[in-house]
Amino acid sequence: MIAEGKKASSPIYSTWFGKPVVLLVNIRQCLVPMPCSIVGESVADVRVRVEDGWEMDVRKELIIAVEEEAVVLDTRVN
């Protein structure tokens, strides 16, 4: 049986899948930026890839913000 609230829920983080992002995570009342790539989502967790071959689940309730990671391009001519 599916609870009424679960039927209407949709993936919140799906627009970020595969993109380099920075999650702002609340860990013991400290805000920690976590550069990663979002690779999946469940009802309670977001699956992130921190490095090649290293993935982990982050509880959604700990995520404060998501920002696309800014890539600094060095365009100076030497």
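Just so you know, all these numbers are worked out from the coordinates, no wet-lab data involved. What you are looking at is a predicted structure, and each value in this text was computed from that prediction instead of being measured. No Cβ is skipped: glycine too gets one built from the backbone with ideal geometry, and neighbour counts run over all protein chains shown.
Would you please classify the overall shape of segment 8-72 from the alpha carbon gyration tensor, given that a ≥ b ≥ c denote the square roots of the eigenvalues, rounded means a/c under 1.5, and beyond that prolate means a/b larger than b/c while oblate covers the rest?
Note, shape of segment 8-72 comes out rounded.
So, by mean Cβ neighbours within 10 angstrom, what's the order for 62-69, 36-43 with the highest one leading?
Per-residue mean Cβ counts within 10 Å order the peptides as 36-43, 62-69.
How much net charge surrounds residue 63 when only other residues with a Cβ under 14 Å from its Cβ are counted (Lys, Arg +1; Asp, Glu -1)?
Local charge sum for residue 63: -2.
What is the set of long-range amide H partners of residue 25 at a cut-off below 5 Å, with H atoms built 1.01 Å from backbone N?
32, 34, 64
Sequence-distant or interchain residues sharing an amide H contact under 5 Å with residue 40, placed H: which?
When sequence neighbours closer than 5 places are left aside, the close amide H contacts are 47.
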